[in-house]
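Below: the structure, in structure tokens.
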Amino acid sequence: MYSGHLREHEQFSDEELVKLSVSDKAALSALILRYMSTAEHIAAGLAPKAGREQMIKDLVQEGMMALLKAVNSYRPDRGAGFATYAGVCIRHSMLSYIMKDTRYSGGDTFSTDEPELYAESGENPEDAVIAGEEYDELFRRIADALSEREWQVLQLFLAGLSHKSIAQRLDTNEKSVNNTMQRIRRKLRAIFR
């Protein structure tokens, strides 16, 4: 039934899904699924050679958290489509993660293409710093609001696992995962208001 609701949302544009996601969890899930490959593509282009496989997974998780923020902060009147805006948010989040991660910040193992990033987004460096601070605050609020189990389920969900796969991974049943996801969505909606 849940996947059927997602299929119903395939016909909507990104911008329509953003509007619907305020009250429709299937719309938010459809956006997350739609942008998973975008996050994976960006992560693959940014991940340094050392520890590449784990880094790509970490970056995809960061990117999907940035997507949640993009859904909340997107303003269509600013002239950019949601795809452009979300892509910039995801990329900026991943770059910030790489630069903050001491395992990867010590050398020239990756390219940030910062001028290109700002040119694409129309952002200046000051706006990027503010956006980064807003992202950090949002991430903190999400981490504080969710229990350890809810955080585990959210990370697995954002990594693209089905409820059934999450249940198998966490040695629980699918109904428990569904209930946990409902609690997560309620908490995230309260944070995003």
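The values are calculated or read from the model by the stated rules, or taken from the named source; none is laboratory data. Model, not experiment: these values are computed from the prediction. As a convention, Cβ positions derive from the backbone with ideal geometry for all residues, glycine included, and neighbour counts pool all protein chains shown.
Below is a table of values for the structure above.
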quantity: Of residues in the range 71-95 being among the β-branched types (Val, Ile, Thr) and surrounded by fewer than 22 Cβ atoms within 10 Å (Cβ to Cβ), the one farthest from the chain's Cα centre (by Cα); calculated: 84
quantity: Filter pass, residue 23 being at pLDDT below 80 and among the polar types (S, T, N, Q); calculated: yes
quantity: Residue, surrounded by the most Cβ atoms within 10 Å (Cβ to Cβ), within the range 16-54, restricted to residues that are touching a Gly at 6+ places or on another chain (Cβ under 7 Å) and within 20 Å of residue 80 (Cβ to Cβ); calculated: 39
